[in-house]
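Remarks on the structure that follows.
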Amino acid sequence: MRRNYLSNPTTLKIDLMLNGIRTGGGLYEESSEQSGRAGLGVDLVLPKGTLVNVPSGDDFTKNSPYILKEDKKGHYITDGEGTVRVEVVPRPAFYNEKTSTGVLFSEIATVHGSYAVITPSPNCEFFDKSVECKYCAGNFDVDGTDKRLFTVDEILETAEAILKDGTSRIIYLSIGFSKGDDGGVELLAPYIEAVKKHFNCLVAVESLPPKENKWIDEAYALGADSVLYNLEIFDSELFEVLCPGRAELIGRARYLEALKYAAKIFPGGTVASHLIVGLEPPGSTTQGIDALTDMGVVPILPIYRPQSGKALRIEPLTAEIIIPIYKHLYKAVKEKNITTKWVREISTVTTPIEGRLLTGEYKKGVLSIIDGFYSSKLGMKAAWGLSALRRKLRVKEVEGKSSKSPKKTSKD
Amino acid sequence: MGFEIDRRPLWLLLIIRGLRPLFFVGIAVVFWYILTMPLPEGLSEEGRSAIAIFAVCLILWVSNAIPLAITSLFAIVLVPLLGVISRDETYGLFGNEAVFFILGAFILAGAVMHSGLSSRIALAMMDRFGASPKRLILSIFLLSAMLSCFMSEHAVAAMLFPIVLDIAKSLKLSPGRSGYGKLLFLSLAWGCVIGGIATFLGGARVPLAVGILQETTGKTIGFFSYSLAVFPMVVIMLFVGYVVLTRSFKIDVDSVEEAHSVFRGRIHAMGKLVYKEYAVGVVLLLTVIAWATLGGRFGLASIAFTSVVVLFVLRLVRWKDIEEYVNWGIILLYGGAIILGTALEQSGAALWMAEMTIANWASSPWTVIALFAFFTMLFTEGISNAAVIAILLPVGIGLAGRFDIDPVIITYAIAVPAGLAFLLPLSTPANAIAISSNYLTVKDMVKVGIIMSTTGYIVFNLVARFYWPLIGMGY
Ligand code: SF4
């Protein structure tokens, strides 16, 4: 007997992400194109403004109890017993537009709600070495083939289109593995600098951890406001099995070390790491949440979307089993005073703040005013301003220590 | 330009940043207060304005809140603006011979370094004389001192630094722990400091002091006379320096054979001695001889520029190469310092300040000199030695008449101790360069530097008291 999740937007979001949705008829065709490169899925706004990207059209969604329907009043979801009104998020208009070089914006960027992911380099060298992550869906068209890098101008045009569209206000620059000690910072540097130079927006960097901490400093100094090193699997043995490249070429210990260091350099709540729910036992994910939050890192918990031929999911995986994980996540960030204003309104994951609805703590009073402020345009501007001020205070220009010309000095 | 992430609490950083504008407001208040205060007895209006400018420059030079050269620009702008000296005269002072001598010396030193001659001499001498650990220390020490007689001491430190670092690495000395590692870099820094006081060329501070002396009193000091006056001091300090060096830290290596492969490797990489090096060497040698023998007649700057022209005529150097070595900021710093010094002297402000301070504490010419030497050495540990001269020399010259001391003697009493900076990395670039090796810590430097500073002060006073009268510099 299935529980009724329709009444709570967070439980509904989790269950929808787990089971997907059937759309039926023309609606499916319409919605399947909504999410750009992110693949099949429908972006919906559930009650209380809860944004979700619901898998739709994948094999595993065929048995979903949820159906998306439309009547005169608009869209609604039904599980056969009850219904709930939802809004279908229209496909961003700029997806159909192209850069001046003729590339579709939807090939470069994907909107996920408050943030949009841009992948300047669609290559991950793990594929070349055949050590790619076992769950890697190639969602961002990432593979080992030597695809060309998007130019800085192409990325700038894309960022401009995203910001004009207005849904996303944080630009995520995301790359896969590249050899070198810098964790891709050198590759991303011109993009970060260019976006920062042209737009007053926040920039997050999603990459693999660099070998040395100085690159983390460098990323911050360049203008990154947030950084994500996605550990994905906390259990050390499963990590080695499912992420052979990460385990062999970076190592789990380095992930944790880099995250811990980054949490000291970046503002509170801006260093995050994904732990995929469904690829390891819930207890292990919970341990991961504790370990990350102890370091001041925000755990982000996407749910694994099974693909045909990649049945990696630990079964049974039901909402009953994973809802306690999200409850634990909310409690952990709250207890450890980790700010959650950065990780919010994301369609593809259940954010820590959404976990609040699982604990019975509903938005009210001062808290909801603050939350509302941070999700407003003004709030984002304030966040950008504070972030820029913090960087100005923290980053000190110094004469290069290995300066080759101590010939000139005015101290004589 | 690199960067560092400042991890101190944000509130502290905010306060520190917020203090900066407040600091400048504070300076403006001080400036305004002095300008508008009732005229004290014995001080003219111009004198009061000169003191107000002096106070601003003093605060800015000591705090290093803006580059030293830019502080000098303040003086250049404010002196004519407040009517202390006319505009024409102010900018005329900027063209003081000392400023141009410094420029010429920079260009010459740049040519020598660019030709590779100085590095070749350094390597050859270390290879030839540095057979044992102690002798290698002595070679570096004497070599730094000798080269600092001909070019700016910080240029020497910068030039020898990579060689000494290679020696330390080849001997596998542990940074921060090896006694011999500390000695290598101390000998480099001390050699530069001591050698730097030996001639006009070691640091531009002596020409600056002579420039101020010339503008305010019309007197001057010759290239050769200066070296003669400080010669015993240099010899004694070199001796004391070597004794302290070899006793202060344990020599924890038995042989320096590996270091010689470094020298030979570097010499080999330089190839054979070429025409350019010979020619630059000859030009430099002739220049030094001309400074010593004809300096009084033709002027030091003219001789320097003649040599510079010769270098270019003979195509021994290109302007592009030279630009790397010339610190244009220092030219502004020195020009401004001379202008400020002259303004203080001409307006009577220097004398007035001297009357209010040192004149009350000193009872005889000897104590005046001892006091000036003391304050100079104290200040020079924390402030640019050029700034120390700009601050103290006008006051000293102002006081000279009161105690019947030749202003030339006062100039020595400030210009020489201004070079004796042994204590801290910020005292002089040579110390800073040595510390940057990581083989030497600030604690090590202070520990043994205090012996050298104390000895330097005593030796200076003894030389001034007993030797100077013998060469006609009585007081
Ligand atoms: S790091 Fe792993 S998940 Fe990311 S692109 Fe490479 S293989 Fe895929």
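The values are calculated or read from the model by the stated rules, or taken from the named source; none is laboratory data. Small disclaimer: the values here were computed from a predicted structure and weren't measured. All Cβ positions, glycine included, derive from the backbone under ideal geometry; neighbour counts span all protein chains shown.
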In the range B:112-123, is there at least one residue being away from every other protein chain (no Cβ under 14 Å) and more than 30 Å from B:Trp328 (Cβ to Cβ)? yes
From the options B:Ala354, B:Ala370, B:Ala337, B:Ala343, residue that is closer than 27 Å to B:Gly401 by Cα, of a type in the set (A, V, I, L, M, F, W, C), within 26 Å of the chain's Cα centre (by Cα) and within 14 Å of chain A (Cβ to nearest Cβ): B:Ala337
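Here's the yes/no breakdown for (1) of a type in the set (Ser, Thr, Tyr); (2) out of contact with any Ser or Thr (no Cβ under 8 Å at 6 or more places or on another chain):
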{"site": "B:Pro417", "(1), (2)": "no, no"}
{"site": "B:Asn431", "(1), (2)": "no, yes"}
{"site": "B:Ser436", "(1), (2)": "yes, yes"}
{"site": "B:Val446", "(1), (2)": "no, yes"}
{"site": "B:Gly449", "(1), (2)": "no, yes"}
{"site": "B:Thr455", "(1), (2)": "yes, yes"}
{"site": "B:Val459", "(1), (2)": "no, yes"}
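Can you pull out every residue in the range B:124-133 that is in a helix (DSSP H, G or I) and either surrounded by fewer than 22 Cβ atoms within 10 Å (Cβ to Cβ) or within 20 Å of the chain's Cα centre (by Cα) (or both)?
Within the range B:124-133, B:Ala124, B:Met125, B:Asp127, B:Arg128, B:Phe129, B:Pro133 qualify.
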Which residues, counting only those in the range A:248-269, are more than 14 Å from chain B (Cβ to nearest Cβ) and assigned to a loop (DSSP other than H, G, I, E, B)? A:Ile250, A:Gly251, A:Gly269
Here are some conditions: (1) buried (at least 18 other Cβ atoms within 10 Å of the Cβ); (2) modelled with pLDDT of 95 or more. A:Asp294 meets all but one. Which one does it not meet? (1)
What number of residues within the range B:7-47 satisfy the criterion of being touching a Lys or Arg at 6+ places or on another chain (Cβ under 9 Å), within 14 Å of another protein chain (Cβ to nearest Cβ) and of a type in the set (A, V, I, L, M, F, W, C)? 3
Top-ranked residue of the range B:293-313 - restricted to ones that are at pLDDT 90 or above and touching a helix residue (DSSP H, G or I) at 6+ places or on another chain (Cβ under 6 Å), ranked as surrounded by the fewest Cβ atoms within 10 Å (Cβ to Cβ): B:Val310
Scanning the range A:113-145 for residues that are modelled with pLDDT under 90 and away from the ligand (no atom under 16 Å from the Cβ), which turns out surrounded by the most Cβ atoms within 10 Å (Cβ to Cβ)? A:Tyr115
Within 14 Å of the ligand (Cβ to nearest atom), away from every other protein chain (no Cβ under 14 Å) and assigned to a loop (DSSP other than H, G, I, E, B): does that describe A:Gly176? yes
Does any residue in the range B:397-425 that is of a type in the set (Phe, Trp, Tyr) come within less than 9 Å, Cβ to Cβ, of a residue that is surrounded by 24 or more Cβ atoms within 10 Å (Cβ to Cβ) and at pLDDT below 85 six or more places away or on a different chain, and which pairs are these? B:Phe422/B:Thr428
Checklist (1) over 25 Å from B:Ala350 (Cα atoms); (2) away from every other protein chain (no Cβ under 14 Å); (3) over 14 Å from the mean Cα position of the chain (by Cα); (4) buried (at least 24 other Cβ atoms within 10 Å of the Cβ) applied to B:Pro394, failing item: (1)
Can you confirm whether the range B:270-280 contains a residue that is out of contact with any Gly (no Cβ under 9 Å at 6 or more places or on another chain), buried (at least 24 other Cβ atoms within 10 Å of the Cβ) and of a type in the set (Phe, Trp, Tyr)? no
Kindly evaluate A:Leu279 against the criterion of being at pLDDT below 95, touching a Lys or Arg at 6+ places or on another chain (Cβ under 9 Å) and outside any helix (DSSP H, G or I). yes
Does A:Ile233 fit the bill of being within 14 Å of the ligand (Cβ to nearest atom) and in contact with a Phe, Trp or Tyr (Cβ under 6 Å, 6 or more places away or on another chain)? yes
Out of the residues in the range A:188-223 that are in a loop (DSSP other than H, G, I, E, B) and out of contact with any Phe, Trp or Tyr (no Cβ under 8 Å at 6 or more places or on another chain), state the one that is farthest from the ligand (Cβ to nearest atom). A:Phe199
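Scan the range A:319-360 for residues that are in a loop (DSSP other than H, G, I, E, B) and at pLDDT 90 or above and report the count.
Within the range A:319-360, residues that are in a loop (DSSP other than H, G, I, E, B) and at pLDDT 90 or above number 3.
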Looking at the structure I just gave you, is B:Phe100 of a type outside the set (Gly, Ala, Ser), more than 14 Å from chain A (Cβ to nearest Cβ) and either within 30 Å of B:Leu311 (Cα to Cα) or assigned to a loop (DSSP other than H, G, I, E, B) (or both)? yes
Of all residues in the range B:426-445, how many are away from chain A (no Cβ under 14 Å) and either within 20 Å of B:Tyr242 (Cβ to Cβ) or in contact (Cβ under 8 Å) with a residue 60 or more places away in the chain (or both)? 5
What number of residues in the range B:148-179 are of a type in the set (Ser, Thr, Tyr) and surrounded by fewer than 24 Cβ atoms within 10 Å (Cβ to Cβ)? 3
What residue, of B:Gly449, B:Gly382, is of a type outside the set (A, V, I, L, M, F, W, C) and assigned to a helix (DSSP H, G or I)? B:Gly449
Please tell me if A:Arg391 is in a helix (DSSP H, G or I), surrounded by fewer than 20 Cβ atoms within 10 Å (Cβ to Cβ) and at pLDDT 80 or above. yes
Counted residues in the range B:240-275 being in a helix (DSSP H, G or I), charged (D, E, K, R) and modelled with pLDDT of 90 or more come to 1
